[in-house]
Every structure is written in structure tokens, then in C-alpha cells.
Amino acid sequence: MRARELGRKSVVVGDRVALVGDVTGDAGALARIVRISERTSVLRRTADDDDTTPEGRLERVVVANADQLVIVSALSDPPPRTGFIDRCLVAAYDADIEPLLCLTKADLAGPEAVLDYYAELDLPHVLVQPDSDLADLRNHLAGRISVMVGHSGVGKSTLVNRLVPEALRAVGVVSAIGKGRHTSTSAVALRLPSVGRSRKDPGWIIDTPGIRSFGLAHVSAESLLHGFSDLVEGTLEDQPNCGHTTADADCRLDAWVAGGKADPRRLASYRRLLASRAGDLNNQDHPEPELPA
């Protein structure tokens, strides 16, 4: 329980706290949280991109003190959604958390289309399939506190159970229309077990419920660009007041992309986020980019 003197200050998964009382964990034991340490990072999301709406003004803290965001995306069933990945990248950079792209179901489809889309980014990635040994992923997780996010049905809970067998996270199935069913209902921090004779700290993972959207109302329009480092250089010659939208006729990003210096799908995704943040979701010229099958 939380001490009364903490008032309305919230406690979230990942917080480092000071306890008093019986900390044995035995049945009937009672301890109180009396202090919450200063957070080194806070990963947030909103239900909406527009901060003028009630949903956009309501920030949800996903996790505190994580230093790595593992973006879990299936390569098939359901297909990868780069728009969601782009949103997660923006949130990670805004929170000063390093991203890792984890592509599951690599036995069903190849990663080439997704990796080509992010070719200009220095984005680390791992591939996972049912018979893989997860050694590459474990190396990325070692010594870190990693929070895992992804749509329902991408295999996140299955992956967590393989990493921490005693976790027993509920596993669902993908519906006939390619959408996963929500199985995990709350975030939980899990200590990764040591493998073999390695003395290296295996790290922690924080599993989160499958989410359908990752709102970015808490991220300023200027900070959205942090998730699109491949476009940054193209904005350097712009006028200071350029909004980089399709309404800005002299935006240098168009020439930057036309010159082959960035993928036009990346610019389309960036402008989609700008339009969504401005509450103009129904009047966009750029839908979420589609990857070739």
C-alpha cells in the first residue's frame, strides 16, 4: 500500500521506492511505500494525438525508469504496421529511451520490406521465430530494464513466456480479420533468468498489455521530428516557421525526398502524425504507408 503522506502521487511499474513494514512477501504481510525515487525516464502515451481533446490531455505513464523500448511487431498475421512503429520511435526518443525493433513470426514472412523502410535509421533489430534460441534478443536485454510494447496478436506474450517460463502470461490468437485479441491486462516487471554459466546481469523486462494506438499528444510538433532522423537534414534550409505540412508550399522536405535522400513513405508518415496532432486526421493526404507483400 502507499503511505498517506505521498498524497495523490502515482506509483507505476518501474518506479524505485522505499518500503517500511513486512517485506517478506509472505501471505498476510503488509508493507507501505513511503518514498518514490526520482525517475530517470518516463514513457508516456495518450489515447489521442490532439491535445485539445479530453483523451489527448490525459497522459498515461506506461512505465518509469526503463532504458530500452522493445517494439514488438509481427512480420505476418497480423502484418507489420509501420505507422505504429513510427509512433513508438517518437515516444522512445522523446523519453530518452533507446529503441529496439523485435520482428516476430519470421518463419511466416521475411523482414526485407520492414528493414528497407527503416534503412536510413540506425535502428537495431532482432528476428524471432518459433524455433529460434533468442540468444540475440537476450544479448540486447542483458543489463537493461526493457519495456515491451506491441499490438495484440504479434506474439509478445508468447515471447515473454519463452524468456521467462514461469511468467505464464496469457496467450491469445489472431482473429480472422488479422487483429489480435487482448490477453495481457496489466503491466508487469519480470526479472530475466540467467542462462548457462553467464555471470552477466540478464536484465528485466516489463510486459505491457497489447495496445491499438499510441497517442502522442504529449509530444510537441517539433519533437515529432526526433523519430524521423532521416528527414532532419532536409529541414535545415527551411524557413524557421515552416510547419513541414503539405500546406507549406516551400517546405524543403519535398525537394529532399524528390532528390532521393529519403523515402517518400517516411515523409508521408511524418506528415500523417503532424496532421493527426493538429486534429486533422480526416483531411490527410497521406494514409499510413503500406509495405509490399
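The values are calculated or read from the model by the stated rules, or taken from the named source; none is laboratory data. Note that the coordinates shown come from a computational prediction; the quantities given were computed from them, not determined experimentally. Neighbour counts run over all protein chains shown; Cβ positions are idealised from the backbone, glycine included.
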Original post:
Which of (1) surrounded by fewer than 18 Cβ atoms within 10 Å (Cβ to Cβ); (2) not in a strand (DSSP E or B) does ALA189 not meet, given it meets every other one?
Top reply: (2)
**OP:** State whether one or more residues within segment 60-71 are in a loop (DSSP other than H, G, I, E, B) and basic (Lys, Arg).
**Re:** no
Original post:
How many residues does segment 78-93 hold that are buried (at least 22 other Cβ atoms within 10 Å of the Cβ) and among the charged types (D, E, K, R)?
Top reply: 2
**OP:** Among the residues of segment 4-38, count how many are surrounded by 14 or more Cβ atoms within 10 Å (Cβ to Cβ) and at pLDDT below 90.
**Re:** 1
Original post:
Going by the conditions given, is THR46 surrounded by fewer than 17 Cβ atoms within 10 Å (Cβ to Cβ) and over 30 Å from GLU112 (Cα atoms)?
Top reply: no
**OP:** With respect to ALA249, determine if the residue is exposed (fewer than 13 other Cβ atoms within 10 Å of the Cβ) and modelled with pLDDT under 90.
**Re:** yes
Original post:
So which residues in segment 57-77 are surrounded by 20 or more Cβ atoms within 10 Å (Cβ to Cβ) and over 16 Å from GLY14 (Cβ atoms)?
Top reply: ILE71, VAL72, SER73, ALA74, LEU75
Original post:
Do you know which residues across segment 179-210 are in contact with a helix residue (DSSP H, G or I) (Cβ under 6 Å, 6 or more places away or on another chain), closer than 22 Å to ARG45 by Cα and either modelled with pLDDT of 90 or more or among the aliphatic types (A, V, I, L, M) (or both)?
Top reply: LEU190, ASP207
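Can you name the residue in segment 205-239 that is aliphatic (A, V, I, L, M) and in contact with a strand residue (DSSP E or B) (Cβ under 6 Å, 6 or more places away or on another chain) and is also farthest from ARG272 (Cα to Cα) among such residues?
As a first pass, look at segment 205-239 and keep what is aliphatic (A, V, I, L, M): 205-206, 211, 216-217, 219, 221, 224-225, 231-232, 236.
Those still in the list that are in contact with a strand residue (DSSP E or B) (Cβ under 6 Å, 6 or more places away or on another chain) too: 205-206, 217.
Numbers: ILE205: 31, ILE206: 29, ALA217: 14 Å.
Applying the filter and picking the extreme gives ILE205.
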**OP:** Among residues belonging to segment 221-243 that are exposed (fewer than 15 other Cβ atoms within 10 Å of the Cβ) and at pLDDT below 90, point out the one that is farthest from ARG57 (Cα to Cα).
**Re:** GLU237
**OP:** Any residue in segment 76-101 that's at pLDDT 95 or above and in a strand (DSSP E or B): show its pairings with residues that are surrounded by fewer than 22 Cβ atoms within 10 Å (Cβ to Cβ) and charged (D, E, K, R) at Cβ separation under 9 Å, as long as the two are six or more apart or on different chains.
**Re:** GLU98/ASP67; GLU98/ARG144
Original post:
Going through segment 189-226 one residue at a time, which ones are free of Cβ contacts under 8 Å to residues at least 40 places away in the same chain and under 30 Å from LEU253 (Cα atoms)?
Top reply: SER220, GLU222
Subject >> Set VAL160, VAL147: member being at pLDDT below 95 and either surrounded by fewer than 22 Cβ atoms within 10 Å (Cβ to Cβ) or closer than 19 Å to LEU43 by Cβ (or both) >> reply: VAL160
Subject >> Subset of segment 16-53 (residues that are in contact (Cβ under 8 Å) with a residue 12 or more places away in the chain, part of a loop (DSSP other than H, G, I, E, B) and over 26 Å from ASP86 (Cα atoms)) >> reply: ARG16, LEU30, SER37
Subject >> Selection count where residues are part of a loop (DSSP other than H, G, I, E, B) and touching a residue at least 24 places away in the same chain (Cβ under 8 Å), scope segment 123-145 >> reply: 10
Subject >> Set ALA176, ALA217: member being of a type in the set (Gly, Ala, Ser) and modelled with pLDDT of 85 or more >> reply: ALA217
